[in-house]
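Okay, so here's the structure we're looking at.
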Amino acid sequence: MDWKLFIARRIYRTKEKEDDKSVSKPAVRIAMAGIAIGLAVMIVSVAVVIGFKHEVRDKVIGVGADMVVTSLDEAQTYQAAPVVGDDSLMAVLRAVPNVSRVQRYATKPGMIMTSDNFQGIVLKGIAQEYDTTFLHRHLVEGRIPLFTDSVSSNQVLISKTIADRLQIGVGDKLDTYYLEDNIRARRLKVAGIYQTNFSSYDDLFLLTDLRTVVRLNNWEQGQVGGLEMQVSDYALLDATHERVLSCLDGKSDRYGGKYYAQTIEQVYPQIFAWLDLLDVNVWVILILMTGVAGFTMISGLLIIILERTNMIGVLKALGADNTSVRKIFLSFAFFLIRKGMLWGNVVALSCCAVQYFFRVIKLDPAVYYIDAVPVELNVWVWLLLNVGTLVVSVLMLVGPSYLISRIHPARSIRFE
């Protein structure tokens with residue numbers, strides 16, 4: 001074993017002994033605690049932010065889609081201008097690389113009226129190709145019927161928010177009204193109740209078959225409100241969007257409607273801008289915690305160097321140069337950092353596991369769209385945080401270690 005590493009290990013083991021009464025032992029413990037707390041906070045913060053961003057993004061995509069194709073003349077309301085969504089267009093869109101699913105939909109704004117209450121709604125029609133995985137995951141009661149584009153089932157899914165507000169349950173019938181040149185009415189039967197905790201969706205949307213909504217809108221054969229598209233790799237969403245736009249460029253349907261595609265980030269810019277702001281918070285936390293850990297290590301190392309002045313003088317008298325002595329104390333600091341990081345990882349991973357499995361810390365879904373703090377631990381990010389903490393902490397100690405060069409052997413061992 002290298003003699004410098006041997007001495008550093010002996011100093012480290014001395015500090016581990018319970019009978020060590022030196023001044024530097026509390027400083028060593030504080031330094032290790034600073035490293036542990038700093039790393040734990042960084043790991044938990046990053047895990048929460050990654051989990052939160054993915055949970056909210058998946059929920060926004062679940063109530064909509066990764067990308068939507070509508071009419072270029074679409075008004076900024078839920079009463080969309082129709083486009084033709086026939087098999088040929090769907091085949092073209094499915095052929096775009098990274099597109100995994102294409103599904104038609106249509107919407108119709110209206111109102112539910114009961115004997116003592118009323119509620120504004122948006123009736124959304126879906127067809128047989130619609131991916132109901134998200135709906136099944138958030139189904140609270142009842143069932144999801146098989147919706148098609150050829151038969152009006154007169155069945156509907158409503159949100160728990162609307163059901164509680166209007167005192168409606170599974171099996172009840174709803175009288176819905178739609179205002180055009182004259183008032184049109186449609187009686188629908190509640191087949192199931194869902195709850196996404198996404199207020200802008202739960203407060204408005206009822207889901208039924210595509211055929212019903214198309215007929216309520218008096219649209220021509222083949223016309224729909226739009227087409228929702230899901231992608232295989234969200235990281236390639238912008239590139240996929242460009243390909244879809246190039247496929248639709250200049251195309252019109254047989255009724256003169258022009259196609260236009262938007263990503264989910266363009267449809268809900270305020271939500272994704274809010275999620276992007278979370279990255280700023282993470283960087284602030286990382287910088288602050290790295291600074292706390294680094295400065296506690298610096299103070300601890302300085303105290304140890306001052307306490308070991310006599311030993312440094314003896315080593316220099318025996319022929320050790322400044323570089324060798326600095327390496328001894330940097331190696332000692334590495335042992336402290338390593339132990340602090342071990343405890344930091346134990347604390348952070350334990351906190352993440354408890355929250356992941358037991359969902360201890362709750363959130364208000366009306367504000368945050370989810371009911372508990374999510375955690376998602378990315379292995380590569382975890383490794384990067386550990387390596388980064390180790391490297392930055394050691395580098396911050398290089399400067400203070402030069403104090404050793406100011407210690408002269410003659411003066412340091414004069415009274416020894």
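The values are calculated or read from the model by the stated rules, or taken from the named source; none is laboratory data. The shown structure was predicted, so the numbers you read here are calculated from the model rather than taken from an experiment. Here Cβ is always computed from backbone atoms with ideal geometry, including for glycine, and neighbour counts include all displayed protein chains. All accessible areas refer to the heavy atoms of the entire protein, side chains included, with ligands and DNA or RNA removed. Shrake-Rupley method; radii C 1.70, N 1.55, O 1.52, S 1.80 Å.
Of LYS59/LYS251; LYS160/LYS258; LYS173/LYS258; LYS53/LYS160; LYS108/LYS160; LYS53/LYS124, which pairs sit farther than 30 Å apart, going by alpha carbon to alpha carbon? Please list the in-between numbers first.
Numbers: LYS59/LYS251 32 Å; LYS160/LYS258 37 Å; LYS173/LYS258 38 Å; LYS53/LYS160 24 Å; LYS108/LYS160 20 Å; LYS53/LYS124 26 Å.
Violating the 30 Å limit, Cα to Cα: LYS59/LYS251; LYS160/LYS258; LYS173/LYS258.
Can you match Rg/Rh (Cα atoms, Kirkwood Rh) to one of these, (1) 0.95; (2) 1.22; (3) 1.16, based on a calculation from the structure here?
For Rg/Rh (Cα atoms, Kirkwood Rh), the calculated option is (2).
Does anyone have the angle between helix 269-307 and the longest principal axis of the chain? Alpha-carbon axes, 0 to 90°, nearest 10?
Compared with the principal axis, the helix lies near 10 degrees.
Give, rounded to the nearest 20 debye, the magnitude of the charge dipole that the chain has about its Cα centre when Lys and Arg contribute +1 at Cβ and Asp and Glu contribute -1 at Cβ. Numbers along the way, then the final one.
Working: 43 positive and 41 negative charges, 502 e Å.
Dipole about the Cα centre, nearest 20: 2420 debye.
Can you work out the FRET efficiency for the pair TRP283 and LEU403, with r the C-beta to C-beta distance and R0 = 41 Å, to the nearest 0.05? Don't skip to the end; give the middle numbers.
On the way: r = 31 Å, r/R0 = 0.77.
So, using R0 = 41 Å, E works out to roughly 0.85.
For the chain, what does the relative contact order come out to in percent, with C-alpha contacts under 8 Å and a separation of six or more?
Details: 693 pairs, mean separation 117.4, N = 416.
Averaging sequence separation for qualifying contacts and normalising by length gives 28 percent for the chain.
Give the shape of the stretch 142-248 as rounded, prolate or oblate, defined through the alpha-carbon gyration tensor: a ≥ b ≥ c are the square roots of its eigenvalues, a/c under 1.5 means rounded, and otherwise the shape is prolate if a/b is larger than b/c and oblate if not.
Values: a/c = 2.23, a/b = 1.44, b/c = 1.55.
Oblate shape, in that a/c is at least 1.5 and b/c is the bigger or equal ratio.
Multiplying the sequence separation of ARG137 and SER324 by 0.36 nm and subtracting their Cα-Cα distance, what value in nm do you get? Intermediate values should be presented prior to the final figure.
On the way: separation 187, 0.36 × 187 = 67.32 nm, distance 6.21 nm.
Computed gain between ARG137 and SER324 is 61.1 nm.
To the nearest 10 degrees, how steeply does helix 322-358 sit against the main Cα axis of the chain, on a 0 to 90 scale?
It is inclined by approximately 30 degrees.
Under unit Cβ charges (Lys, Arg +1; Asp, Glu -1), what dipole magnitude, rounded to 20 debye, does the stretch 208-264 have relative to its Cα centre? Intermediate values should be presented prior to the final figure.
Numbers: 6 positive and 8 negative charges, 60 e Å.
Once rounded to the nearest 20, the dipole reads 280 debye.
Leaving out ligands and nucleic acids, and using a 1.4 Å probe, what accessible area per residue does the stretch 22-171 come to in Å²?
Numbers: 6230 Å² over 150 residues.
Value for the stretch 22-171: 42 Å² per residue.
Report the full-extension gain for the segment LYS251 to LEU349: residue separation times 0.36 nm, less the Cα-Cα distance, to one decimal in nm.
On the way: separation 98, 0.36 × 98 = 35.28 nm, distance 5.29 nm.
That works out to 30.0 nm of additional length.
Long-range amide H contacts for ILE121: which residues qualify at under 5 Å (H placed 1.01 Å from N, peptide plane, sequence gap of 5 or more or a different chain)?
Under 5 Å from the amide H of ILE121 lie the amide H atoms of GLY110, MET111, ILE112, each far enough along the sequence or on another chain.
Classify the stretch 117-166 as rounded, prolate or oblate, taking a ≥ b ≥ c as the square roots of the eigenvalues of its Cα gyration tensor: rounded when a/c is under 1.5, otherwise prolate if a/b is larger than b/c and oblate if not.
Working: a/c = 2.26, a/b = 1.40, b/c = 1.62.
It comes out oblate by the Cα gyration axes.
At 7 Å along Cα-to-Cβ for each site, give me the label-to-label distance between LYS258 and LEU384 in nm.
4.1 nm
What residue among PHE205, TYR259, PRO269 has its Cα farthest toward the positive end of the dipole of the chain, where the charges are +1 on Lys, Arg and -1 on Asp, Glu, each on the Cβ?
My answer, from the dipole projection, is PRO269.
Full-extension gain between VAL367 and LEU72, please, as 0.36 nm times their residue separation minus the C-alpha to C-alpha distance. The partial results should precede the final answer.
On the way: separation 295, 0.36 × 295 = 106.20 nm, distance 3.23 nm.
Value of the extension gain: 103.0 nm.
For an R0 of 35 angstrom, estimate the FRET efficiency from the Cβ-Cβ distance between SER88 and PHE118 and round to the nearest 0.05.
Values: r = 42 Å, r/R0 = 1.19.
In this case the efficiency is close to 0.25.
Among LEU245, VAL282, LEU384, whose Cα projects farthest towards the positive end of the dipole of the chain, with charges put on the beta-carbon of Lys, Arg (+1) and Asp, Glu (-1)?
LEU384
Largest first, how would ASP164, ASP253 line up by accessible area (1.4 Å probe)?
Numbers: ASP164 80, ASP253 15 Å².
Putting ASP164, ASP253 in descending order of accessible area: ASP164, ASP253.
In degrees between 0 and 90, to the nearest 10, how far off the longest principal axis of the chain does helix 379-401 point, with axes built from Cα atoms?
30 degrees
With unit charges on the beta carbons (Lys and Arg positive, Asp and Glu negative) and the dipole taken about the Cα centre of the chain, which residue among ILE183, ILE337, ALA95 sits farthest to the positive side?
ILE337
Hey, how many Å between the Cα centroid of the stretch 89-107 and the Cα centroid of the stretch 230-295?
Value for the Cα centre distance between the two parts: 19 Å.
Within the stretch 29-70, what residues put their amide N at less than 12 Å from the label point 7 Å along the Cα-to-Cβ vector of VAL292?
33-45
Could you tell me what percent of the accessible area of the stretch 208-342 is made up of carbon and sulfur, with a 1.4 Å probe and every protein chain present? Let's see the in-between values first.
On the way: 3750 of 6430 Å².
Accessible surface attributable to carbon and sulfur in the stretch 208-342 totals 58 percent.
Could you let me know the centre-to-centre spacing of the stretch 125-164 and the stretch 339-368, using Cα atoms, in angstrom?
Between the Cα centre of the stretch 125-164 and that of the stretch 339-368, the gap is 35 Å.
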